[in-house]
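The values are calculated or read from the model by the stated rules, or taken from the named source; none is laboratory data. All of these numbers come straight from a predicted model, not from anything done at the bench. Here the Cβ is made from the backbone with ideal geometry for all residues, glycine too, and neighbour counts use every protein chain on show. Heavy atoms of the whole protein, side chains included, go into the accessibility calculation; ligands, DNA and RNA do not. Shrake-Rupley method; radii C 1.70, N 1.55, O 1.52, S 1.80 Å.
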Amino acid sequence: GKSTLLSLMAGLDDPDGGSVLIGGERMSHRGPARQARLRGGLVSVMTQTNSLLEHLSVLGNVRLAASLRRSGGGRAGGGRWPASGPRPSPEQLLADLGLAHRRRARPSALSGGEVARANLAVALVGAPVVLLADEPTAEVSRPEEAGILALLRAPGGPRAATILVTHSRAVAAAADRVIELVDGKIR
């Protein structure tokens, strides 16, 4: 249910009933190109799966995401969406996530934790207003988990709001607010 909820929030899936509103507009009334621009400029999604392109290095993947977000017209909605903060460079994000030394590596050469951190760099590079993160610390060690959580919580960090889904009580405890999804119902 949690991954489906994030997909609905990002406009990647359509709901069976009701509607998803972003900025007062129904996502289902937007065409695929407008939905993609919205995701590129406003909402960024970090999935549990490896979304890196194998033919690019780690740095190449992050640079590609930055380029796509810039070419997508910036913030969605014709400038109605405020920038969430400074736009960190791909190199800075990789350094912040402890991946500077792996910037030239191909995704297949990375450990599970390195893939997770590289996926997070791809998601954060455009300074999205909202980051939707599906288990961003599932594959990382305890010290790496602490570093990721610190980056996500940093004042003036590379995002304004993070909606994070996790099974980890420790990760949930680091959140400002916890909403539980139990048997498909929010409580």
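Here's a check for you: in region 83-99, which residue that is open to solvent by less than 40 Å² (accessible area, probe 1.4 Å) and not hydroxyl-bearing (Ser, Thr, Tyr) is modelled with the lowest pLDDT? Looking at residues that are open to solvent by less than 40 Å² (accessible area, probe 1.4 Å) and not hydroxyl-bearing (Ser, Thr, Tyr), I get Gly85. Every condition in (1) at pLDDT 70 or above; (2) open to solvent by 30 Å² or more (accessible area, probe 1.4 Å) is met by His29 except one, and the failing one is (1). Restricting the search to helices (runs of 4 or more DSSP H) fully inside region 101-187 and requiring at least 3 residues that are within 11 Å of the chain's Cα centre (by Cα) gives 112-124. None of Arg104, Arg117, Arg142 is open to solvent by 50 Å² or more (accessible area, probe 1.4 Å) and touching a residue at least 12 places away in the same chain (Cβ under 8 Å) except Arg104.
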